[in-house]
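What follows is a single structure, written as structure tokens, with notes after it.
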Amino acid sequence: MAQQCIVLVFGATGDLAKKKLIPALANLHAKGHLHKGTRILAVSRRPLTDAQYHKELLPIKDKKVWASFLKRVSYHQLDFSNRSDYLALKGRLAKMQAAGIDTSRRVFHLATLPESFPTIIEQLSKECIAYRAPKEGWHRVVFEKPFGHDLSSAHGLNTEITRLFDENQVYRIDHYLGKELVQNLLVLRFTNPLFDRSWNSQYVSHVTIRLYEQVSVEGRGEYYDKAGALRDMVQNHMLQLLALTAMEMPATTDAHDIHYEKVKVLKTVEVDPKQIVLGQYTAGKINRKSVTDYRKEEGVRKGSTTETYAAVKLHVNNRRWHGVPFYLSTGKALKEGYAEITITFKEAACLLFCGADSKLAPNKLTIRIQPHEGVKLQFNIKELLSDFSATPHEMDYHYDAEFRMNTPEAYERLLSDVIKGDRTLFTSWGEVEYSWRITDALRKARVPVQQYPAGSTGPDEAKRFLPD
Ligand SMILES: NC(=O)c1ccc[n+]([C@@H]2O[C@H](COP(=O)([O-])OP(=O)(O)OC[C@H]3O[C@@H](n4cnc5c(N)ncnc54)[C@H](OP(=O)(O)O)[C@@H]3O)[C@@H](O)[C@H]2O)c1
């Protein structure tokens, strides 16, 4: 059973809180996964009563369950930079405690712009609302992505955080790391000697990690224009996928051991400034719907050169992966939206069965992350009724239940892990630090940005650059 706690959602009137966090908590409540004494304190600057805040939320279907969930949710008005508001928050927690609600276990979920992180944690700490090693219970602080906008700012933020909290109190979200994916990759590889023994440069030709979106910047132009694909996707989600794919077997499945192995990979990643393709979408159509030119999106600077597409070739320079390229590609407003990792094995020596009628192809193992999470294997088989002609086919397995990222379902898992104190799905400082080193090096290359029409597969140059 989950532990009782108080979840304080900062930025509770924001998009993330209303669309993902509160619905995730409501789903946990509906499934009986929240302790009956758990309370949710929605913290934001607008003057709202509890009832007014409740009206702003998206109710779940079952009215009775929704009504019982709302009994857990109260609203607290607070301006992040106003000290007296924190004193009032402290008083409110003390009142809850006096009323018999245990407030010693506290989750502080900062669903706010990253610029507000330092102010909030400083004030929480100063007023002894959240601090290192509380005498009773625990205090945990959850930080939304992005964690900094380059190595130096991430470092500054981390110094601020570790001045006030221990690393084991810190939960840096990368919502892409749904547990299913982490577990799938590890289980698939380490329980199947067939894959595990060939997971190295002797057998693998190259690895591709694709994370494609059909959505454009859709109203997030101001944020996105300052970030771009390298910061928004490569620094976090894509390098996490690379680290999970390339890492050694961890000693245990504990967060610490998994983080340790991922950091080892990220430390050895080499960037070649000549092996980068960047793109930016122009007007086009996706599923017959018109998409506005990126530069005309609201919040995007005039003449912006921010990349909405990035393809990079990296090397993991260790014994296992020496000489094996890792191709990472990601983009917005593309023809198709999906995320997958493909391990392409070296081709069989052409000794037999490779006559003119044969269409021999390399073995490929694809781990599909979304949509339809599953695994696909390409292999050669004799063409029916032919004379030893080989042809490639696929075995395809996908889970019935779709586990999508950055959804209330993903947040259900993340929030219950915070309550459990399981940091496996959250990124350690070491991972963040080395990912920023790689991303800063890619950005420093200052590669010109090619244009591609929305609804296409990306810039032409990327088609030549990426393997099939
Ligand atoms: N939205 C998503 O799907 C998504 C996905 C992944 C990551 N994230 C990350 O999550 C964080 C939040 O994103 P968001 O889209 O929810 O942002 P948002 O819609 O702008 O929400 C920000 C929240 O902070 C509150 N706020 C701002 N300044 C404040 C102040 N001085 N005092 C008190 N409250 C203040 C806002 O209150 P008002 O309502 O009064 O303005 C609002 O509740 C960001 O770091 C973002 O990068 C978001």
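State log₁₀ I(q)/I(0) for segment 276-407 at q = 0.11, 0.14, 0.16 Å⁻¹ as given by the Debye formula over alpha-carbon point scatterers of equal weight, solvent excluded.
So the normalised log intensities are -0.66, -0.94, -1.06.
Computed FRET efficiency, Cβ-Cβ of K95 and S153, R0 41 Å: what is it to the nearest 0.05? If you can, show how the numbers build up before the last one.
Values: r = 38 Å, r/R0 = 0.92.
Rounded to the nearest 0.05, the efficiency is 0.60.
Just in segment 80-142: which trypsin sites (Lys or Arg not before Pro) are loop by DSSP and have at most 10 other Cβ atoms within 10 Å?
Numbers: sites: R83, K90, R92, K95, R105, R106, K126, R132, K135, R140; in loops: R132, K135.
Passing both the DSSP loop test and the Cβ count: K135.
Rounded to the nearest Å, what's the spacing between the alpha carbon centres of segment 287-318 and segment 193-264? Just the number, please.
19 Å
Could you derive backbone 3J(HN,Hα) for segment 92-97 from the dihedral phi with the Karplus parameters 6.51, -1.76 and 1.60 (θ = phi - 60°), listing whole Hz in sequence and x where the residue is Gly or Pro?
Values, residue by residue: 5, 5, 5, 5, 4, 4 Hz.
In whole Å, what are the extents of segment 133-198 along the principal axes defined by its C-alpha atoms, from largest to smallest?
Here the spans come out as 47, 36, 18 Å, largest first.
Which values of log₁₀ I(q)/I(0), to two decimal places, follow from the Debye formula for segment 1-61 at q = 0.16, 0.23, 0.24, 0.25 Å⁻¹ with a uniform point scatterer at every Cα?
Once normalised to I(0) and log-transformed, intensities are -0.51, -1.02, -1.09, -1.15.
Could you compute the FRET efficiency for D196 and R46, with r as their C-beta to C-beta distance and R0 at 56 Å, rounded to 0.05?
Working: r = 53 Å, r/R0 = 0.95.
FRET efficiency, D196 to R46: 0.55.
May I ask you to derive the relative contact order of the chain, considering only C-alpha pairs under 8 Å and at least 6 residues apart, and to give it as an integer percent? Provide the component values of the computation, followed by the final result.
Working: 876 pairs, mean separation 83.0, N = 468.
Reported relative contact order: 18 percent.
Could you calculate the contour length gain from L87 to K71, that is, 0.36 nm times the residue separation minus the distance between their Cα atoms, to one decimal place in nm? Mind dumping the intermediate values first?
Working: separation 16, 0.36 × 16 = 5.76 nm, distance 2.42 nm.
Gain on extension, L87 to K71, equals 3.3 nm.
Among the lysines, which have Cα under 26 Å from the Cα of K71 when same-chain residues fewer than 8 positions away are ignored?
Correct list for K71: K18, K19, K20, K31, K36, K55, K61, K63, K90, K95, K420.
Pairs K332/K376; K289/K463; K335/K382; K226/K274; K264/K364: which are spaced more than 29 Å apart, C-alpha to C-alpha?
Values: K332/K376 25 Å; K289/K463 24 Å; K335/K382 34 Å; K226/K274 23 Å; K264/K364 26 Å.
Exceeds cut-off: K335/K382.
At q = 0.08, 0.10, 0.12, 0.14 Å⁻¹, what base-10 log of I(q)/I(0) does the Debye formula yield for the chain when every alpha carbon is treated as an equal point scatterer in vacuo?
At q = 0.08, 0.10, 0.12, 0.14 Å⁻¹ the computed log10 ratios are -0.53, -0.81, -1.12, -1.42.
Averaged across orientations, what area in nm² does the convex hull of the alpha carbons in segment 182-269 project? Before the final figure, lay out each step's value.
Details: hull surface 30.1 nm².
Its average projected convex-hull area is 7.5 nm².
Grab the DSSP H runs of the chain that are 4 residues or longer, score each as -39,500 (n - 2.57), total them, divide by all residues and round the 222 nm result to the nearest 500 deg cm²/dmol.
Details: 14 runs with 145 residues, N = 468.
Dividing the helical sum by the residues of the chain leaves -9000 deg cm²/dmol.
Considering only DSSP beta bridges where both residues belong to segment 69-222, give the percentage that are antiparallel (nearest 5).
Details: 0 of 9 bridges.
Restricted to segment 69-222, the bridges split so that about 0 percent are antiparallel.
Rounded to whole Å, give me the distance from the Cα center of segment 118-135 to that of segment 70-89.
14 Å
Hey, any idea what the orientation-averaged projected area of the convex hull of segment 64-167's Cα atoms comes to, in nm²? Walk me through the numbers on the way to the answer.
Details: hull surface 31.1 nm².
The directionally averaged projection comes out at 7.8 nm².
Report, in degrees rounded to the nearest 10, the 0 to 90 angle that the Cα long axis of helix 151-164 makes with the longest principal axis of the chain.
Once rounded, the angle reads 40 degrees.
Determine the percent antiparallel among the DSSP beta bridges restricted to the chain, to the nearest 5. The partial results should precede the final answer.
Details: 47 of 83 bridges.
Bridges in the chain are about 55 percent antiparallel.
Which of the listed residues, Q235, A441, V73, is farthest toward the dipole's positive end in the chain, when Lys, Arg count +1 and Asp, Glu count -1 at the beta-carbon?
V73
Measuring from label point to label point, each 7 Å out along Cα→Cβ, what is the V187 to T268 span in nm?
Label-label distance for V187 and T268, simple model: 2.7 nm.
FYI, it's all coordinate maths here, none of it is from the lab. All values derive from a computational prediction rather than experimental measurement. Positions of Cβ are backbone-derived with ideal geometry, glycine not excepted, and every protein chain shown enters the neighbour counts.
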